[in-house]
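Below is one structure, written out as structure tokens; comments come after it.
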Amino acid sequence: MTAAAYHALRKSADRDPVSFWARQARELDWQAPFHATLQWKYPHARWFADGYLNASVNCVDRHVDSPRKHKAAIVWEGETFETRTITYAQLHDQVCRFANVLRNLGVKKGNVVGIYMGMVPEAAIAMLACARIGATHNVVFGGFSADALADRMSDSGAVVLVTQDVAYRRGKDVELKVTADKAAKRIPTLKHMVVFKRGTASVKMKAKRDLWWHDVMATASPQAKAAKLPAEHPLFILYTSGSTGKPKGILHTTGGYLTHVSYTTKLVFDMQDTDLFFCTADVGWITGHSYVVYGPLSLGATVMMYEGAPNHPQPDRFWDIISRHRVTILYTAPTAIRSFMRWGDEWPSKHDLSSLRLLGSVGEPINPEAWRWYHRVIGNKRCPVVDTWWQTETGGIMISAVPLEGEGKQSKGTLTASRQVPGAATLPLPGIQAAVVTRNGKKCKAGETGLLVIKHPWPGMLRTVYGDDARYKAAYWSEFPPENVPDGWYATGDGAKIDAEGNVWIIGRVDDVVNVSGHRLGTAEIESALVSHPRVAEAAVIARPDEIKGNALVAFVTLKMGKNATNLVKLKDDLREHVGREIGHIAKPDDVRFAEALPKTRSGKIMRRLLRELVKGGSGFGDITTLEDFSVLERLRSDDEV
Ligand code: WT7
């Protein structure tokens with residue numbers, strides 16, 4: 001959009017955010033129009049609640065009934081280099097068939113369907129098929145362990161699980177079906193598994209319970225009526241780590257979520273019919289939900305979907321994909337960008353990246369050095385970089401630069417960004433009211449660090465924590481309740497500062513949540529996995545800054561027996577593997593340090609702050625008057641790392 005249009009949009013949103021969002025929502029196809037835009041009763045919001053719509057109709061049918069009918073919806077490339085292009089008409093056929101498969105298996109409106117897959121188009125098809133019949137999907141990242149899968153499936157009461165025999169990752173088979181079988185023993189509500197065949201080896205199929213995707217799809221009808229769903233119908237649950245051991249089932253509903261992701265995809269990525277949009281996130285995370293599936297497809301855009309690792313078979317795979325398919329927009333994570341920097345400029349420079357016109361970043365703060373490299377080496381200084389801040393809970397992008405047309409010296413049609421500030425997420429999007437405040441709710445001065453809050457409900461916001469509304473209230477709405485601030489504010493859990501120009505700089509989490517490689521992990525969850533190992537008495541997990549991953553995990557562990565009695569080097573590996581099995585490989589601690597005792601307060605709370613200081617090599621421990629046993633710190637410091 002032009003700079004003038006952007007400023008007008010911001011003005012209209014500031015003047016009346018509720019009517020602003022109603023206008024954005026009317027860009028969607030409604031089965032029955034809404035009249036009530038927002039009903040806010042702290043801490044619950046209902047958006048467009050008397051309207052009806054279906055997300056799969058918005059992402060598929062409305063493009064089939066348009067000149068986009070035979071346009072590519074998904075361009076897929078397997079790690080093994082085969083490619084598939086799925087047009088909107090073909091997507092419609094597949095989504096309808098799978099909707100019928102689910103209905104034939106007895107799945108009803110409001111039932112939960114689990115999806116445990118790799119990056120194959122069938123994952124998106126399964127999600128859209130759920131949306132079509134009003135089933136709520138619960139996608140679990142394919143890297144999670146059997147236990148993590150079982151926890152998420154049983155917490156949500158899933159009746160069907162859609163999976164694959166294997167997924168391909170870095171040249172290896174990831175045995176999804178084997179893991180799903182293990183998990184199934186602990187999912188009492190599970191009736192069926194549908195298995196998409198990706199590999200060649202045979203897998204065990206349990207009679208009556210398990211069905212092959214290709215068998216059931218072949219006989220299913222390619223027409224399926226879309227359910228008429230109220231705007232607040234639950235679209236999906238996605239589990240994310242919190243500051244306690246148990247992951248939170250973040251619940252998103254239909255009308256508000258779709259409005260938010262559709263609006264932000266158009267605004268932040270300037271999505272055009274000629275674009276090929278490559279969001280490198282896995283569908284197992286919110287970024288994959290919002291910017292591989294729902295946002296782009298609701299606009300009739302074409303997405304590039306890649307199955308495998310960025311360095312398979314060589315460190316130039318992304319650049320190879322971009323040049324062969326002529327990708328125009330790339331959306332990836334700082335941790336990936338830092339790896340690319342380390343692998344060297346020779347990899348991108350081998351390829352023609354001239355098709356790119358816009359670059360995006362998400363998942364964690366992007367350090368200015370990585371930002372500049374991305375801008376210079378990948379974007380050839382031509383492409384604006386948008387650093388997008390948001391969360392699983394927010395549903396879609398909240399704070400980001402916006403690319404603008406024909407500003408400055410650039411010719412018409414080329415883009416510059418509303419702001420280019422390496423390292424800052426820049427401004428809240430029109431319609432979003434973000435602020436940085438002190439613990440008392442006082443606005444911070446320019447440059448002063450405080451808590452990032454959202455002061456007004458927005459359509460993509462989570463509606464609750466599935467099955468635990470008390471936790472929803474406690475985690476997000478208890479810090480700034482209506483007794484203290486007008487209408488109550490949403491606490492993001494992030495620390496931030498706003499500079500004199502109004503740019504938002506995200507500092508990082510203020511709770512016991514750590515961001516490793518753009519993935520959010522609760523330290524409590526990893527600690528409880530460690531403690532479940534027979535040799536471990538106690539564990540404390542903290543983050544230390546890491547050049548590539550943003551943060552690395554350090555686990556301090558005390559053992560049940562004297563530590564000299566075992567081979568500690570081996571035990572260290574065992575513990576890392578154990579966490580890998582309990583949660584998944586992304587949660588494995590980078591360092592395990594054994595200690596005789598952990599620093600605690602007199603009330604028994606582990607003082608993680610001191611451990612953080614310790615790994616930084618510092619001695620400025622601040623106020624340690626609450627520390628119960630002072631000698632612990634000294635011993636921890638003098639302990640040689642094993
Ligand atoms: C946390 C949310 C949003 C999808 C991926 C992560 C951090 C996210 C940025 C950014 C600085 C960022 C925050 C946030 N974060 N994007 N552009 N700059 N920090 O989703 O797993 O829900 O994690 O990721 O700390 O709270 P998530």
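Run through every distinct alpha carbon pair of segment 234-365 and return the Kirkwood hydrodynamic radius in angstroms, one decimal place.
15.9
Give me the percent relative contact order of segment 3-417, please, defined on Cα pairs under 8 angstrom at least 6 residues apart.
Once divided by the residue count of segment 3-417, the mean separation gives 15 percent.
Taking the DSSP beta bridges in the chain as the whole, what percent of them are antiparallel, to the nearest 5?
Beta bridges within the chain, antiparallel portion: roughly 60 percent.
For the chain, with all protein chains present and a 1.4 Å probe, just round the carbon and sulfur fraction of the accessible area to a whole percent.
Roughly 51 percent, rounded to a whole number.
With labels modelled as points extended 7 Å from the Cα through the Cβ direction, what inter-label distance (nm, one decimal) is found for Ser354 paired with Met561?
6.8
Could you work out the local net charge near Thr240, counting Lys and Arg as +1, Asp and Glu as -1, over the other residues with Cβ closer than 9 Å to its Cβ?
+1
Return the FRET efficiency for the residue pair Arg602, Lys185: r is the Cβ-Cβ distance, R0 is 35 Å, and the value is rounded to the nearest 0.05.
Rounded to the nearest 0.05, the efficiency is 0.20.
Over all directions, how big on average is the projection of the convex hull of the alpha-carbon atoms in segment 111-221, in square nanometres?
6.7
Can you order the peptides 340-347, 287-294, 357-364 by their average number of other Cβ atoms within 10 Å per residue, highest first?
With the highest mean Cβ count within 10 Å placed first, the list reads 287-294, 357-364, 340-347.
Please compute the net charge surrounding Arg509, taking Lys and Arg as +1 and Asp and Glu as -1 over other residues with Cβ under 11 Å from its Cβ.
-3
Report the equivalent ellipsoid semi-axes for segment 184-256 in whole Å, largest first, defined as the square roots of five times the eigenvalues of the gyration tensor built from alpha carbon atoms.
29, 23, 12
Once you place label points 7 Å from the Cα toward the Cβ at Ser12 and Arg26, how far apart are they in nm?
0.9
Kindly report the accessible area of the chain per residue (heavy atoms of protein chains, probe 1.4 Å, no ligands, DNA or RNA), in Å².
Computed with neighbouring chains in place, this is 39 Å² per residue.
Rounded to the nearest 0.05, what FRET efficiency do Met341 and Lys616 give with R0 = 30 Å and r taken as the Cβ-Cβ distance? Could you check?
Step by step, r from the Cβ atoms, then E = 0.80.
What do you get for Rg/Rh of segment 475-537 when both radii come from the Cα atoms and Rh is the Kirkwood radius?
Expressed as Rg/Rh, it is 1.15.
Run lengths n ≥ 4 of DSSP H only: what is the helix-derived mean residue ellipticity at 222 nm for the chain, with -39500 (n - 2.57) per run over all residues, to the nearest 500?
-8000 deg cm²/dmol
Taking 7 Å along the Cα-to-C-beta vector as the label spot, tell me the Val178-Ala500 distance in nanometres, rounded to one decimal.
6.1
At each listed q (0.05, 0.08, 0.09, 0.11 Å⁻¹), what is the log10 of I(q)/I(0) that the Debye formula gives for the chain modelled as equal alpha-carbon point scatterers?
Here log10 of I(q) over I(0) equals -0.22, -0.58, -0.74, -1.15.
The values are calculated or read from the model by the stated rules, or taken from the named source; none is laboratory data. Given the structure is predicted, the values throughout are model-derived calculations rather than measurements. Note that each Cβ is placed from the backbone with ideal geometry, even for glycine, and that neighbours are counted across all protein chains shown. These accessible areas exclude ligands, DNA and RNA; they are computed on the full protein's heavy atoms, side chains included. Shrake-Rupley method; radii C 1.70, N 1.55, O 1.52, S 1.80 Å.
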